[in-house]
Amino acid sequence: MKATVGLGSNMGDRLANLQFAIDSLNATVGTQVHSISPVYETDPVGGPAQDDYLNAVVVLKTILSPEQLLDATQQIELAAHRERSEHWGPRTLDLDLLAMDDLTLNSQNLVLPHPRAHERGFVLLPWSTLDPDYLIPGHRCVAELLAEVDISGVRSRPDLTLVVTQ
């Protein structure tokens, strides 16, 4: 399966946190990082006053089920000292499972595609660099959705890069 994951960090060494996520995802048994978007710096959306985020999107190839991949992403967040003390609060690392192939799922623990991905510029802009024609189930393709959202708070950071390390 192809899975798309959004990455975000606004605490500590933000770029190192994102790289840790990529390395950890790639080291997860049954999962391989296929492609990585450029890095963007973004204004926080919702929640309390907090520092800007670094965001990126990765596309994975995986044999894991959605629930197994969700569990893996949550374990990676914990390893990065993620605390869930405040809704939409600052975080060392946030991994959002955005989509898996054309799968739709609505369980107690996981909704696919991600219920707000289609309206978030900080998700759609990096995603569009990897898979602009991906049709988000129940919506339209990433590029079309991107054309309709506000991306004024999303800034390219070409000086920052993420890589797949072996």
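Quick notes on this one:
- Restricted to region 74-85, and to residues there that are of a type outside the set (D, E) and not in a helix (DSSP H, G or I), the residue that is modelled with the highest pLDDT is A80.
- Restricting D94, D131, D102 to residues that are open to solvent by less than 60 Å² (accessible area, probe 1.4 Å) and modelled with pLDDT under 95 narrows the list to D94.
- Odd one out for G30 among (1) within 25 Å of L145 (Cβ to Cβ); (2) surrounded by fewer than 21 Cβ atoms within 10 Å (Cβ to Cβ); (3) in contact with a strand residue (DSSP E or B) (Cβ under 8 Å, 6 or more places away or on another chain); (4) not aliphatic (A, V, I, L, M): (1)
- Residues located in region 34-54, provided they are in contact (Cβ under 8 Å) with a residue 40 or more places away in the chain, open to solvent by 10 Å² or more (accessible area, probe 1.4 Å) and not in a loop (DSSP other than H, G, I, E, B): S35, I36, Y40, E41, Y53
- Scan of region 134-157 for residues that are of a type in the set (S, T, Y) and either surrounded by fewer than 16 Cβ atoms within 10 Å (Cβ to Cβ) or within 13 Å of the chain's Cα centre (by Cα) (or both), ordered by number: S152, S156
- Test set (1) buried (at least 18 other Cβ atoms within 10 Å of the Cβ); (2) more than 14 Å from the chain's Cα centre (by Cα); (3) of a type in the set (S, T, Y) - S65 fails condition number: (1)
- Single residue of L18, L60 found to be buried (at least 22 other Cβ atoms within 10 Å of the Cβ) and in a helix (DSSP H, G or I): L18
- Any chance D71 is modelled with pLDDT under 95 and either crowded, with 21+ Cβ neighbours inside 10 Å or over 21 Å from T129 (Cα atoms) (or both): no
- Selection from region 124-166 of residues that are in a loop (DSSP other than H, G, I, E, B) and small (G, A, S): G138, A147, S152, G153
- Flag for L160 being surrounded by 14 or more Cβ atoms within 10 Å (Cβ to Cβ) and over 22 Å from A21 (Cβ atoms): no
- Residues that are in contact (Cβ under 8 Å) with a residue 24 or more places away in the chain and of a type in the set (G, A, S), drawn from region 86-145: G89, A99, S107, A117, G121, G138
- Among the conditions (1) under 25 Å from G30 (Cβ atoms); (2) open to solvent by less than 80 Å² (accessible area, probe 1.4 Å); (3) assigned to a loop (DSSP other than H, G, I, E, B), the only one that Q108 does not satisfy is (2).
- Qualifying residues in region 1-15 (those that are over 21 Å from S128 (Cα atoms) and not in a helix (DSSP H, G or I)) - the one least open to solvent (accessible area, probe 1.4 Å): N10
The values are calculated or read from the model by the stated rules, or taken from the named source; none is laboratory data. Since the model is a prediction, treat every value here as computed from it, not as a measurement. Glycine gets a Cβ as well: all are built from the backbone with ideal geometry, and neighbour counts include every protein chain shown. The area values use the complete protein model at the heavy-atom level, side chains included, leaving out ligands, DNA and RNA. Shrake-Rupley method; radii C 1.70, N 1.55, O 1.52, S 1.80 Å.
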